[in-house]
Amino acid sequence: MMIIRIVSLFTLLFAANLTLAQQTAPPGYVSISASADGIGKRYMDREISGVMGWQGASWLERDKREREERTDLLLETLALQPSMVVADIGAGTGYLSRRMAPLVMPGGKIIALDLQPEMVNILQTGVKRSKLSQIEVRLGSVDDIKLPKNSIDMAIMVDVYHELAYPYEVMNSIMQALKPRGRIVLVEYKAEDARVPIKPLHKMSEAQIKREAGIFALDWERTVSTLPWQHVVVFRKRE
């Protein structure tokens, strides 16, 4: 009986370690001929798109954005609460950061990260103009959000994830920064809807988003599709 119990315990431990390895092992990148909007690099059967440069900052602040994308519905979906710490990854001009900031007060803050120094300068200018002291602006890197372990309640990427040159590494760094039971929110233009006026490589299907998030210790919580152009896919970090 003792031998059977030892073997059973070994089997359980081996299975647990195998599952963990499957969740954390990077799928790898494949070099291909770049398409017009891509970088010549595939990840999990998806070509990674090029990054929208800081020169396109005015598009992020366009007057029609609220009507076209219904940011008000996105904010309702996030259900932000006072004292929350939220990382806005690929924050761009800070369009969303400025709208989230009042909702985490008192006691919370928004960490607005971007990897383009020029965009960070634009972001800082906008934050100073808004006088929202609860927004902390940071320069990130292509493969690491560079935040302390267990330091954020939520990470959100709005039309950003599909542009990450190192999606596995960035997601891995987010997982480290998330508190237990923290959330990752991926907002992407709907690849399933041909009417959404965005280039195909800058869209993602819900299935692909779930597939790529599924290699991490994340549980899918819900998908909200009430926004006109985007779906909001919410995951929670597994304990």
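The values are calculated or read from the model by the stated rules, or taken from the named source; none is laboratory data. Not measured: the values here are computed from a predicted model. Cβ placement follows ideal geometry from the backbone for every residue including glycine, while neighbour counts extend to all protein chains displayed.
Could you tell me which residue of the range 153-172 is nearest to LEU96 (Cα to Cα), considering only residues that are touching a Lys or Arg at 6+ places or on another chain (Cβ under 8 Å) and either without any contact (Cβ under 8 Å) to a residue 24 or more places away in the chain or surrounded by fewer than 21 Cβ atoms within 10 Å (Cβ to Cβ) (or both)?
Kept after step one, since they are touching a Lys or Arg at 6+ places or on another chain (Cβ under 8 Å), are these residues of the range 153-172: 153-155, 162, 165.
Okay, now just the ones that are also either without any contact (Cβ under 8 Å) to a residue 24 or more places away in the chain or surrounded by fewer than 21 Cβ atoms within 10 Å (Cβ to Cβ) (or both), so 153, 165.
Numbers: ASP153: 17, ALA165: 22 Å.
If we take residues in the range 153-172 being touching a Lys or Arg at 6+ places or on another chain (Cβ under 8 Å) and either without any contact (Cβ under 8 Å) to a residue 24 or more places away in the chain or surrounded by fewer than 21 Cβ atoms within 10 Å (Cβ to Cβ) (or both), then ASP153 is nearest to LEU96 (Cα to Cα).
If you filter the range 177-213 down to residues that are exposed (fewer than 15 other Cβ atoms within 10 Å of the Cβ) and not basic (Lys, Arg), you find that the one that is farthest from TYR161 (Cα to Cα) is PRO180.
Pairs linking a residue in the range 47-61 that is within 20 Å of ALA165 (Cβ to Cβ) to a residue that is assigned to a strand (DSSP E or B), with Cβ atoms under 6 Å and 6 or more positions apart or on different chains, are GLU47/GLY38; ILE48/ILE39; ILE48/LYS41; SER49/GLY38; GLY50/ILE39.
Criterion first (in a helix (DSSP H, G or I) and modelled with pLDDT of 95 or more) does LEU73 satisfy it? Taking the combined requirement at face value, the residue satisfies it.
Across the range 127-134, not a single residue is classified as surrounded by fewer than 21 Cβ atoms within 10 Å (Cβ to Cβ), touching a residue at least 60 places away in the same chain (Cβ under 8 Å) and touching a strand residue (DSSP E or B) at 6+ places or on another chain (Cβ under 9 Å). Take the conditions (1) within 14 Å of VAL158 (Cα to Cα); (2) of a type outside the set (Val, Ile, Thr); (3) without any contact (Cβ under 8 Å) to a residue 60 or more places away in the chain; (4) assigned to a loop (DSSP other than H, G, I, E, B); PRO82 misses just one of them, which is (1). Across the range 82-108, the qualifying residues are those that are of a type outside the set (A, V, I, L, M, F, W, C) and under 19 Å from ARG181 (Cβ atoms), and the one among them that is surrounded by the most Cβ atoms within 10 Å (Cβ to Cβ) is GLY108. Within the set ALA21, ALA16, ALA36, the sole residue that is more than 19 Å from the chain's Cα centre (by Cα), loosely packed, with under 12 Cβ neighbours inside 10 Å, at pLDDT below 95 and not in a helix (DSSP H, G or I) turns out to be ALA36. Restricting the range 46-58 to residues that are assigned to a loop (DSSP other than H, G, I, E, B) and in contact with a strand residue (DSSP E or B) (Cβ under 9 Å, 6 or more places away or on another chain), the residue that is modelled with the highest pLDDT is GLY50. One residue stands out among those in the range 70-103 that are of a type in the set (S, T, N, Q) and in contact with a strand residue (DSSP E or B) (Cβ under 6 Å, 6 or more places away or on another chain): the one that is nearest to MET52 (Cα to Cα), which is SER97.
For ARG138, indicate whether it is touching a strand residue (DSSP E or B) at 6+ places or on another chain (Cβ under 7 Å) and of a type in the set (Lys, Arg). Criteria met by ARG138. The condition of being within 24 Å of THR93 (Cα to Cα), touching a residue at least 40 places away in the same chain (Cβ under 8 Å) and surrounded by fewer than 18 Cβ atoms within 10 Å (Cβ to Cβ) does not hold for ALA217.
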